[in-house]
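Trainee: I'd like to ask you about the structure that follows.
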Amino acid sequence: MARRVLENSRILLTGASRGIGRHLALELARQKSRLLVVARNSLELDKLVSELKSQGAASAEALAGDVTDPAIRKAIVERVRSDWKYLDVLINNAGVSAHGRFAGHEEQVLRQIMEVNFYAPTELTRLALPLLDGGQDSLIVNIGSILGHRGMPHNSEYSASKFALRGWSEALRTELHSRGIEVLVVSPGTTDTEFFDHLLAKSDSLPWGKQKGIPPEAVARQVVRAMQLRRTEIYPNWRGRLLVAVNRWVPKLVDRIMNRFG
Ligand SMILES: NC(=O)c1ccc[n+]([C@@H]2O[C@H](COP(=O)([O-])OP(=O)(O)OC[C@H]3O[C@@H](n4cnc5c(N)ncnc54)[C@H](OP(=O)(O)O)[C@@H]3O)[C@@H](O)[C@H]2O)c1
């Protein structure tokens, strides 16, 4: 099949105020896409919108709000409908985590992580599907994680949310195949963003210390390329990809290594 053309594509992107989402928006602006960017920080979104326009976006608008709020999700989809009528690409990127042992965390940590990382993208997608049905070459991009392939100690809630997102994406891809809507799952490894400064809880420091990540610009470039090339799954960080491969072939070895950190 031909490469996906992103010029003039109507793209809705969550979690755009910083990090991977911000760089993804800039990369898509250079492709001359039309963008509606979402996050809670309206100041950062407004700054981003000016940058997107100067980088070449066919249009750029922001909507500030919390994606865990059903009324905000409804407002986002209504905005898409009134501005564009249909939607070509939905990118579910907003995400949060927590560090510490499961037993040491309150129930609320798990619930909130599932709200942001799983229920928000799934329910936003449910609302957006009728608009994607009318879109051109429609695509859903879900930003998962390497921890959606291999559970890690001190990241149990986050791992659970990203496994859930990946399982749902896989099932959805098959359900949407006949409707002509594609699904891409992106599984980044550690990325140098402010992600680790915005944890919902931090009852322990990670025993393996701070990992060197890859720049969010590199993740953004790989995501855009994967969108164009119609990939279904990518692993932007080679270390993460290696972990997934080793875990597939010798899971007991990875278990033994993880047990030392548990
Ligand atoms: N950084 C990593 O090492 C890494 C690795 C693997 C996967 N990922 C995934 O990549 C995605 C982006 O992460 P990042 O590294 O770019 O993190 P980040 O710099 O912390 O950015 C997260 C974005 O999500 C938004 N967000 C968080 N909660 C929200 C909510 N309730 N409603 C609306 N927006 C919300 C934040 O904006 P506001 O605060 O303004 O709302 C921000 O724009 C996430 O799904 C994350 O799980 C990251």
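Trainee: Quick test of your reading of the structure: GLY151 fulfils all but one of (1) more than 16 Å from the ligand (Cβ to nearest atom); (2) more than 16 Å from the chain's Cα centre (by Cα); (3) not basic (Lys, Arg). Name the failing condition by number.
Mentor: (1)
Trainee: Tally up the residues in the range 86-101 that are in contact with a Leu (Cβ under 8 Å, 6 or more places away or on another chain), assigned to a loop (DSSP other than H, G, I, E, B) and of a type outside the set (Gly, Ala, Ser), please.
Mentor: 5
Trainee: Could you check, for the range 154-169, whether at least one of its residues is under 18 Å from GLY15 (Cα atoms), within 16 Å of the ligand (Cβ to nearest atom), among the acidic types (Asp, Glu) and surrounded by 17 or more Cβ atoms within 10 Å (Cβ to Cβ)?
Mentor: No, the conditions are met nowhere in the range 154-169.
Trainee: Would you mention how many residues in the range 88-130 are surrounded by fewer than 17 Cβ atoms within 10 Å (Cβ to Cβ) and either out of contact with any helix residue (DSSP H, G or I) (no Cβ under 8 Å at 6 or more places or on another chain) or touching a residue at least 60 places away in the same chain (Cβ under 8 Å) (or both)?
Mentor: Of the residues in the range 88-130, 9 are surrounded by fewer than 17 Cβ atoms within 10 Å (Cβ to Cβ) and either out of contact with any helix residue (DSSP H, G or I) (no Cβ under 8 Å at 6 or more places or on another chain) or touching a residue at least 60 places away in the same chain (Cβ under 8 Å) (or both).
Trainee: Test PRO188 against the stated conditions and say whether it is within 16 Å of the ligand (Cβ to nearest atom), without any contact (Cβ under 8 Å) to a residue 60 or more places away in the chain, on the phi < 0 side of the Ramachandran plot and crowded, with 16+ Cβ neighbours inside 10 Å.
Mentor: no
For (1) away from the ligand (no atom under 13 Å from the Cβ); (2) assigned to a helix (DSSP H, G or I); (3) of a type in the set (A, V, I, L, M, F, W, C), each residue gets a yes or a no:
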position	(1), (2), (3)
HIS23	no, yes, no
VAL37	no, no, yes
LYS47	no, yes, no
SER50	yes, yes, no
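Trainee: Out of curiosity, is LEU24 closer than 22 Å to ARG126 by Cβ, surrounded by 18 or more Cβ atoms within 10 Å (Cβ to Cβ), touching a helix residue (DSSP H, G or I) at 6+ places or on another chain (Cβ under 9 Å) and modelled with pLDDT of 95 or more?
Mentor: no
Trainee: Here is a follow-up. Go through (1) without any contact (Cβ under 8 Å) to a residue 24 or more places away in the chain; (2) more than 12 Å from the ligand (Cβ to nearest atom) one by one and return the number of the condition VAL244 breaks.
Mentor: That leaves (1) as the condition not met.
Trainee: Considering each residue of the range 35-59, count those that are of a type outside the set (Gly, Ala, Ser) and touching a helix residue (DSSP H, G or I) at 6+ places or on another chain (Cβ under 7 Å), and give that number.
Mentor: Number of matching residues: 8.
Trainee: Does the range 203-241 hold any residues that are more than 12 Å from the ligand (Cβ to nearest atom), part of a loop (DSSP other than H, G, I, E, B), surrounded by fewer than 14 Cβ atoms within 10 Å (Cβ to Cβ) and under 22 Å from the mean Cα position of the chain (by Cα), and which are they?
Mentor: Within the range 203-241, just THR232 meets the criteria.
Trainee: Restricting to the range 85-96, count the residues that are over 14 Å from THR125 (Cα atoms) and either out of contact with any Gly (no Cβ under 9 Å at 6 or more places or on another chain) or of a type in the set (Asp, Glu) (or both).
Mentor: Selection size over the range 85-96: 1.
Trainee: Further question: So which residues in the range 138-151 are crowded, with 18+ Cβ neighbours inside 10 Å and either under 30 Å from GLU7 (Cβ atoms) or not β-branched (Val, Ile, Thr) (or both)?
Mentor: SER138, LEU139, ILE140, VAL141, ASN142, ILE143, GLY144, SER145, LEU147, GLY148, HIS149, ARG150 - these are the residues of the range 138-151 that are crowded, with 18+ Cβ neighbours inside 10 Å and either under 30 Å from GLU7 (Cβ atoms) or not β-branched (Val, Ile, Thr) (or both).
Trainee: Please go through the range 68-95 and give me each residue that is among the basic types (Lys, Arg), within 15 Å of the ligand (Cβ to nearest atom) and farther than 28 Å from PRO188 by Cα, ordered by number.
Mentor: Scanning the range 68-95 gives LYS74, ARG79.
Trainee: Restricting to the range 124-148, count the residues that are farther than 19 Å from LEU24 by Cβ and under 14 Å from the mean Cα position of the chain (by Cα).
Mentor: 1
Trainee: Ok, one more. Could you please let me know if LYS85 is out of contact with any helix residue (DSSP H, G or I) (no Cβ under 6 Å at 6 or more places or on another chain) and at positive phi?
Mentor: Yes: the conditions hold for LYS85.
Trainee: Further question: For the range 96-141, give me the residue count where each residue is within 16 Å of the ligand (Cβ to nearest atom), more than 21 Å from GLU182 (Cβ to Cβ) and not hydrophobic (A, V, I, L, M, F, W, C).
Mentor: Counting residues in the range 96-141 that are within 16 Å of the ligand (Cβ to nearest atom), more than 21 Å from GLU182 (Cβ to Cβ) and not hydrophobic (A, V, I, L, M, F, W, C) gives 8.
The values are calculated or read from the model by the stated rules, or taken from the named source; none is laboratory data. Remember, predicted model here, so these are calculated numbers, not experimental data. Counting neighbours? That spans all protein chains shown, and the Cβs are built from the backbone with ideal geometry, glycine included.
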